[in-house]
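Peer 1: Here it is, the structure in full.
Please treat every number below as a calculation from the coordinates, not as lab data. Computed from a predicted model, the values in this text were never measured in an experiment. Backbone-built Cβ (ideal geometry, glycine too); neighbour counts: all protein chains shown.
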Amino acid sequence: MLFLIAGIYIVAFPFLLPGILKGISLRFKFLRVALTQGKFIVFVYSNSPIWKSYIEENFLPQIQDHAILLNWSERGQWDKHEWAVQAFHHWGGRENFNPLAIVFCNLVDVRVIRLYSAFHDFKHGNVVALQKAEAQLFDLMKTKTLRKSA
């Protein structure tokens, strides 16, 4: 049984290695940007009437000093070589990716907060999921900024 597990890892490792190296590279790019610009959040949203005004009124004033903003509706203008765009493609996934916050807590800890379902619940009168996601993002941001100022 142990040989089977070891064999699976040996066979799978070459396929996993590029993703692992990409994640490490993006973490170091984040470190450089965080140290020079103080940005540790990649925030992606769009011009959807479901969330655009809420995000612009409630999220952006809180996070704009610490975030690189990407508007999904303007993705044709994105520079695919920019590290924030690469980070979005790496951690964002293919579902429930807009709106989304990627928080680089440190080189090892990268948190992804997906807001799509929360906003659809909000649209139907259920605010709990959105409040929870919002609190999670703001708590991570406050923890990060407090650690930085200490």
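Peer 1: Using a cut-off of 12 Å between beta-carbons, work out the net charge of the residues near W83 (Lys and Arg +1, Asp and Glu -1, W83 not included). Don't skip to the end; give the middle numbers.
Peer 2: Numbers: positive: K22, R27, K29, R32, K39, K80; negative: D79, E82.
Once positives and negatives cancel, what remains is +4.
Peer 1: Roughly how tilted is helix 2-37, in degrees to the nearest 10 and between 0 and 90, from the longest Cα axis of the chain?
Peer 2: The answer is roughly 40 degrees.
Peer 1: Taking the Cα atoms only, what angle lies between the long axis of helix 83-92 and the longest principal axis of the chain, rounded to 10 degrees?
Peer 2: 80
Peer 1: OK, next. Please determine, in degrees from 0 to 90 and to the nearest 10, the orientation of helix 128-149 with respect to the longest principal axis defined by the Cα atoms of the chain, where the helix direction is its Cα long axis.
Peer 2: 70
Peer 1: At a 10 Å Cβ-Cβ cut-off, how would you order T143, T36, fewest neighbours first?
Peer 2: On the way: T143 12, T36 8.
Final ranking by Cβ density, sparse to dense: T36, T143.
Peer 1: Of the listed values (1) 29, 20, 16; (2) 36, 21, 13; (3) 26, 23, 14, grab the one calculated as semi-axes √(5λ) of the Cα gyration tensor in Å from the structure here.
Peer 2: Computed from the coordinates, semi-axes √(5λ) of the Cα gyration tensor in Å corresponds to (1).
Peer 1: Students often check this: by mean Cβ neighbours within 10 Å, which of 107-114, 87-94 ranks highest, and how do the rest follow?
Peer 2: Numbers: 107-114: 13.9, 87-94: 16.9.
Result, highest mean Cβ count within 10 Å first: 87-94, 107-114.
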